[in-house]
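Inspection log for the structure reproduced underneath, given as C-alpha cells.
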Amino acid sequence: MALVKCKIRKGDKVRVITGDEKGKEGVVVRVLPRERKVIVEGVNIVRKHAKPQAGQKKGRVVEKAMPIDISNVALIDPESGKPTRVRIVREGKKRIRVAVRSGKAID
C-alpha cells in the first residue's frame, strides 16, 4: 500500500464537522494515514469494561478515544478560529500547509 499524505498532523487543533460528535473540538493525538483516521483528544470516547486482573480487587471501566475518519474533521484556522480546508504550497523543496480561509501558513 502506498504512503498516504495527510493534511492533518499530530498536535493540530481540529473541529468535528459531521457525526454524533459534531461541533466538538480537540487536539489530534495520533494520525493513522493508511486507514485515513485520526484520534482526537476528548472526541469519540468509548467505555470498555475490564475484568479484574490477578492482584487487583475490582474490575474497572476504561475510557478510550477511538479513531474518527479524517474527512469528518476540519483544521481550525489559527487566525479566525473557524474550521478551514488546507492547501499545500511548495516553496522550493518545502511543503507548507496554508489555511484556505485566511491564507495564513499553519506550520
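What follows draws every value from the coordinates through simple rules; no lab data is involved. Keep in mind that this is a model prediction, so the values were computed, not measured. Cβ: placed from backbone, ideal geometry, glycine included. Neighbour counts: every protein chain shown.
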For the stretch 1-57, convex hull volume per residue from C-alpha positions, Å³:
153
Computed label-point distance, nm, for sites Arg36 and Lys51 using a 7 Å Cα→Cβ extension
3.8
Which of Arg97, Arg47, Arg87 moves most in a GNM of the chain, Cα contacts under 10 Å?
Arg47
Mean-square fluctuation check for the chain, GNM, Cα pairs under 10 Å: which of Ile96, Ile45, Ile17 is largest?
Ile96
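Grab the alpha carbons of the stretch 21-93, take their convex hull, and tell me the volume per residue in Å³.
Values: hull volume 11.8 nm³, N = 73.
Cα convex hull per residue, to the nearest whole number: 162 Å³.
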Surrounding net charge for Ala105, when Lys and Arg each add one and Asp and Glu each subtract one, Cβ distance under 14 Å:
+4
Expected max-MSF residue from Gly11, Gly81, Gly92 in the GNM of the chain (alpha carbon, under 10 Å) is Gly92
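Past 28 Å, Cα to Cα, is the threshold; run Lys13/Lys48; Lys22/Lys93; Lys37/Lys82 against it and keep the listed order. Each step should come with its number before you reach the end.
Values: Lys13/Lys48 26 Å; Lys22/Lys93 37 Å; Lys37/Lys82 21 Å.
The pairs that break the limit, which is 28 Å between Cα atoms, are Lys22/Lys93.
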Just subtract the alpha-carbon distance of Cys6 and Asp20 from 0.36 nm times their residue separation and send over the number in nm, one decimal.
2.7 nm
